[in-house]
Amino acid sequence: MDQSNRPHRAAKEKKKHSAAAGQNPKAFSFANPGKLQKQASRSHDVKEKRLHVPIVDRLPEEAPPVIVSVVGPPGVGKTTLIKSLVKRYSKHTLTTIQGPITVVSGKRRRLTFLECDNSLASMIDVAKIADYVLLLIDGNYGFEMETMEFLNILAPHGMPSNVFGILTHLDLFKSQSMLRAQKKRLKNRFWSELYNGAKLFYLSGVINGRYPDREIHNLSRFVSVMKNPRPIIWRNSHFYMLADRMVDLTDPVKIEDDDKCDRTVALYGYVRGLNFPAEGARVHIPGVGDLNVASVEALPDPCPTPYRTQAEGKGRKRLGEKQKLLYAPMSDVGGVLVDKDAVYINVPSQNFKEGEELGEGERLVVSLQKGKKDEFGQKGVQLFAGGDVLHKVTEEGEEPELGNTGRAYKRTVRMPDSKAADEDEEMLDDEEDENDDYDSAEEEEDDEATVRRKTGRAFRNDDEVTGKEELQFADSDSDLGSVSDRSDVELDDRDIEDDSDDDEEPRWKENMAENAREQWLQSRTGSGRIQDLTRYLYDDSISPAEAISKWKGNTVTKDEEDEEDEDDDDFFKKADNQDEEDNIFIADRTLPRYDLEKLEQKWSEDDALEALRRKFITANLLDEKEEGEEDEDAEFGGFDDDDDEGNGVFEDLETGEVHGGAGGDGDERSSGEDEEQDKKETEEDSLEAERARNARKKEELRLRFEEEDREGLNNDKAGMRDDNDQEFGEDDWYDAQKAKIAKQLAVNQAEFGEMDESMRLKVEGYRAGTYARVVLANMPCEFVTHFDPKYPIIAGGLTPTEDRFGFLQVRIKRHRWHKKILKTNDPLIFSLGWRRFQSIPIYSTSDSRTRNRMLKYTPEHMHCFGTFYGPLIAPNTGFCAVQSLHNKTPGFRVAATGVVLNVDQSTDIVKKLKLTGVPYKIFKNTAFIKDMFTSSLEIAKFEGAAIRTVSGVRGQIKRALSDKEGHYRATFEDKILMSDIVFLRAWYPVKPRTYYNPVTNLLESSEGKEWRGMRITGEVRAEHGLSAPNVANSTYRPIERQTRRFNPLRVPKAVQKELPFKSQIMAMKPQKKKGYLATRAVMLTKEESRARDLLQKVLTLDKEKVAKRKAKKEEAKKKHIKKVEESLEKKQAREKRERDEYWAREGRKRKSDGQGGRGKRSKAE
């Protein structure tokens, strides 16, 4: 049947939100305020994490290769990893790894792999330059001491942001569960040392001498796409270079004469950090010392990126197989080394077979030995691909044009007719007295022709000179005004007198405007003197003959050029150097083109000259400012000079007398009063004038500073800021600072871009990323003789401050893993800046910020101050310290870490000094003290010093006694006892030793490279088998203290009466008679005696029962222990029997089933 359901309730009508009422408040509210707070705080934390102190990013467009350091203990697989990565990037297989290896990893990215040796010195050097660190860890063994040492060395020198852990030897794990547990354990330990989330890679095993391709591909891909690391402050403020090659440039003759002489060495590498100065640079090579740079030269990049190759028009931009370059000069890849002036080919053997060459060098040697036949069948040598085959080498002396066979006859002196001969006069004078035996006329003729050909237009005849006379130049008024330099000009006395007249201008100053015009035209048309000869020598648009012609000064007419162009049948034609408007031949189009008439009209105006004069230091800005103020006030008109109202002068209209002012005609003062008044006014005027002059100088200096800083970014008075500039908020300040740094970099780049390349190198230096050749003179010979490529060679730049030495105050802390505490005056090896040196520190602490008190030992688990002698390094520079560089040193080798606080030439460290004495005569508050000083002179230095006794009574030293030497009189605040000890607390200044010994481990033999410096006293005693001396005063003795008896306190009755009730002495008088209890004897009754006897017997019986019960329990306990031991022995024997039966049964089953797998159970079982 039909069922009627209950009708539903009608839905409520929702109120429609009108747009006029605004936004719906419920739609934009938060349901959970707590969640809102967490979200807001998290977003703020994320924003703050990305904020760092803005640092100038000095990486150029073509950045130097990123240094990837491979670090780990011995036997962990460093060499195998580098071979695998090099094979992945460059398709080359390396047999030996020596020195840095540079590969191209991307379009604009290169990597330099550097294997770090296990020595402590190599770890310190690599930590200073590493951009990426691949930290290899033996997964089967765990973290080793070398890994922890390198991490703690890396931290104070600027921890790079990219430190990757790589676990190796994971194929030794048989169980996957154990492998997972070990990975998790090592990952947590690695994160605790670095930071949570540090990247950790896993390399399972070795296949064919390399790690698996897939794992290496993942690692290489991760390294290639990493961002450039944040620049470390020390590297960002110094220039440095990792040398990938070293060449000895010393003269072999000098080495034969003295094999221990200093060498001249060339280091090759990429410039990093700041720009490398072109001249006068000083570098420090860790392990060698400070050296002066003799010369720096930029070389072609041996490993360019595809982006740079494509920019130069030599290849494509993508990284193809041919662009996967490898540069490892110390590993000798390919066998060819290209130097500035030579090509070195490594030939391992003397016999070759065609087609079996191992490298590029051997192929070059074979091709040269084999030769090549031309089309006529003649055999020759082809030096370049596509070039001609050479059959005969023409000597330079056979070419008649060159004339380089040497001069075999006397040179004849020939005076130049033109004015350019002054430049070559010194060169000719130096060779006048050579070869006096040859004087034939024919040779003289030849000599004349040769000289004429070589010296250019300086020795041409007068009829050959075309055009106007050459301009004269001079550095001073007397350069061209002297007649002694012109022997060809005959002057009479009148000419000499006129020439020496002071009123007449020198010749070189006459017609300066016309001379400048002619000089500019000559430089533009190429007819004048050549300012930059190299521009013509290396100009590909002109032939060598045209360059020689221009150097000689010959002008090429337009008709001659047209005739030469008509003879050429080439399709392409060179652009014409003819100016269409002025019909002037233009030799150099790099010079700007000006309208000389407009320039002359512009600079003839006074306003333009005044504006130009303001740019020079001779301009008087203060006068101009005052003139400007006068011009502004000119509209007012001011007062006339004849109007005396402004000077306090007034005229009495009745009498006609004039009063006040500077003394006019109506002044009738007496002469004496006039002299006194004039004298006073003169003194006042002189003071006022001097003050006015000083104020004027200050005002002019201020205006000069504002004028020079008119274009400064922070100069509000310059008016250079935009009106749109406003104060940045809290969130925008960081972006504003970064924008300001970027703007300054752009301005610098624009300014340097307008300079010539040679001038830019002198001013700016060699930019980072340049492959440079640095020549170092006075290098110790041991560096070359003991050179080992596995140790890194770093040339770190030194600032002028770092060449100075003084005392450094540092904050230092002993490392928590170092076994021994550090002692004052024990030598330590510091790694500070680029240097590694040994010094003697003194540890101290601050006493309430009033003095630095010396500490004998470093405190436990806290910092202290350290002061030592060394190079002055900027504050906030981190350092680490070790006690020894030996590899055999047991335990953790990093002794301490810290940071530089300040540098100073002086130190203020004091040591506590206690002087003790005893009184030998005591008065009321005065006492005579002895055994503290030895002479009255010492007492005189300490007069007025505060002293105190052991009991706390304070006193003061007064005077020395005249009758006994070393005794003095002292006063105290209370009477002291004869048994008191008086002591004086003084502070004795301590001076650190000026000891600086650089670590020169690269000068040691290649066997150990272990440098031994100053040893601590304990090492010396241990080596010689000596024991520590036993000082009698330093030994501990048992302290015997005698009991002292003090007299009771006696207060006079008169004083007791005056004391208040609370302070009165409550002392009972002793009894003269004995009391009742003392005289009476207690007698027990019969009942009390029986009760006491019974109680004693009961207690005795109970005590005996307790003893028997305890002995019985001990026996039962021994039996139980023996029973338990027997049951345990039976249980162990049963378990052993069952285990043996089980394994015997399982062994039979596995033998019957064969290798691996579980077999089915037989029915017999």
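The values are calculated or read from the model by the stated rules, or taken from the named source; none is laboratory data. Keep in mind the model is a prediction, meaning the values are calculated, not measured. Cβ coordinates were reconstructed from backbone atoms using ideal geometry, including for glycine residues, and neighbour counts include every protein chain displayed. We work out accessible area using only protein heavy atoms, side chains counted, and drop any ligands, DNA or RNA first. Shrake-Rupley method; radii C 1.70, N 1.55, O 1.52, S 1.80 Å.
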(message) Could you work out what % of the accessible surface of the range 909-990 is carbon and sulfur, using a 1.4 angstrom probe and leaving DNA, RNA and ligands out of the count?
(response) 51
(request) Mind running the shape call on the range 945-1035? Use the C-alpha gyration tensor, a ≥ b ≥ c as the square roots of the eigenvalues: rounded below 1.5 for a/c, prolate if a/b tops b/c, oblate otherwise. (result) prolate
(request) Report the one residue of Leu170, Ile124, Ser105 whose Cα lies farthest in the direction of the positive end of the charge dipole of the range 66-232 (charges on C-beta: Lys and Arg +1, Asp and Glu -1; origin at the Cα centre). (result) Ser105
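Take the Cα atoms of the range 66-232, build their convex hull, and give its volume per residue in Å³. Show your work: numbers first, answer last.
Numbers: hull volume 18.9 nm³, N = 167.
Once divided by residue count, the hull of the range 66-232 is 113 Å³.
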(message) Apply the Karplus curve 6.51 cos²θ - 1.76 cosθ + 1.60, θ = phi - 60°, to the phi angles in the range 1061-1066 and return the couplings in whole Hz, x for Gly and Pro.
(response) 5, 5, 9, 6, 7, 9
(request) Give the relative contact order (percent, whole number) for the range 822-954; include only Cα pairs under 8 Å separated by 6+ residues. (result) 19
(message) Applying a 10 Å radius around every beta-carbon, put 300-307, 865-872, 808-815 in order of their mean neighbour count, most first.
(response) 865-872, 808-815, 300-307
(message) If packing is taken as the average count of other Cβ atoms within 10 Å, what order do 990-1003, 830-843 fall into, highest mean first?
(response) 830-843, 990-1003
(request) Take every DSSP beta bridge with both residues inside the range 66-232 and express the antiparallel ones as a percent of the total, to the nearest 5. (result) 25
(message) Could you sort the peptides 1137-1143, 52-58, 213-219 by per-residue average Cβ neighbour count (10 Å cutoff), highest mean leading?
(response) 213-219, 52-58, 1137-1143
(message) If you only keep lysine pairs separated by 8 or more in sequence, or across chains, how many in the range 881-995 come under 20 Å at the Cα atoms?
(response) 21
